[in-house]
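What follows is calculated from the coordinates using simple rules that are stated; it is not laboratory data. This one's a predicted model, so the numbers in the text were calculated from it and none came from an experiment. When we count neighbours, we look across all protein chains shown, and the Cβ atoms used for this are built from the backbone with ideal geometry, even at glycine.
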Amino acid sequence: MRLKETEPEEIKLNMTAMIDIVFQLLVFFIMTFKVVAMEGDFNIRMPLASQNQEESMDEDFPTIIYVQLAAGTNGNINSIIVDDDTTFSDTDMYSKLTQLVESKIAAEGNPEDSKETEVEFDIARELKYSYTVKAIEAVSGKVVDGQIKKLIQKIKFKDSTSF
Amino acid sequence: MKFTKHQRVEILEGDLTPMIDMTFQLIAFFMLLINFSEVDRAEEITLPSSVLAVAPEVRPDYQIILNLEPSGKVKFEGQEFDQIDMLGPIFRKEISAAAREDVTNPGDIAVIIRSHEDTPTGLVQDLIAKCQEESLESFSLRVKEQVRR
């Protein structure tokens, strides 16, 4: 008996359902996608006053730089006063603050010991937060050739609220 | 007149393979970039920017993200508090929740303050003082990363 040769049938998958779902997923992700700016932190540690006092008994007293931020009208910054004897009130006051802090660290002899130097801020309550952050940034370090050069790591607020 | 035999009508099918490839690549792209943890961010808060701020490399074991508005309103996990003094019970609840996740020392809980750039600094200090009342000691001031030149 001679069998009749049949052509093999091409198996076709129905892709419609999968494409539907894939497009729904794509639309979902596109709709929920948000471009957000990268955020960073100024990491700070604020030990409670009592613990701080106990610890400070065992440690040498660090050098403290006192920085006062005075507010002008509408919460804008008016001036920066350092150690009650140096006042900056012009537009580049923050870079001058950085230079002063750097020179004070250098005057101590060993820049590696800058970790022991502290800055205590006395900030006017009405001063806008952005100016405070700029001042913290100015004493924390600076950017040299795209690299961060750290200055002061310990920052305090007046009234025993210490970073 | 003799008609020619009808030719079989073939269904024209485009090759869908490149389109499906591309679509899957797009889905993979968006899936990798989507970040559901952004619910803690209050979009209306404009953070101050800084070139020195460093994005955290490691996520803290337990964190509390507080969004502070210029009016003194605090937003935390979708809840809104008109005054900073109202946060005490919330902090105690969070400290208990942290303890259940083996973060027993409140000092190890990271408090991330996202304050609007126009907020009076006094309010930020009040918020920090309120946290300290509840033995929270580890703080991060969150700012927008500015591109270094």
Subject >> Placed amide H near residue B:146: partners under 5 Å, 5+ positions off or other chain >> reply: B:50, B:51, B:53
**OP:** Work out from phi, with θ = phi - 60° and the Karplus expression 6.51 cos²θ - 1.76 cosθ + 1.60, the ³J(HN,Hα) of each residue of region B:89-100, listed in order in whole Hz, and give x for Gly and Pro.
**Re:** x, 5, 4, 5, 5, 5, 5, 5, 5, 5, 4, 5
Original post:
Given H placed on each backbone N at 1.01 Å, which residues far from residue A:151 in sequence or on other chains put an amide H within less than 5 Å of it?
Top reply: A:141, A:142
Subject >> Interchain or long-range residues, amide H under 5 Å from residue B:62's placed H >> reply: B:110
Original post:
Structure shown: which of A:34/A:154; A:96/B:73; A:96/B:130; A:142/B:93; A:34/B:75 lie over 29 Å apart, alpha-carbon to alpha-carbon?
Top reply: A:34/A:154; A:96/B:73; A:96/B:130; A:142/B:93
Original post:
In 5 Å bins starting at 0, how do the alpha-carbon pair distances of chain B split up by percent?
Top reply: 2, 8, 14, 15, 15, 10, 7, 5, 4, 3, 3, 2, 2, 2, 2, 2, 2, 2, 1, 1, 0
**OP:** Kindly put A:12, A:128, A:104 in sequence by how many other C-beta atoms sit within 10 Å of each C-beta, fewest to most.
**Re:** A:12, A:104, A:128
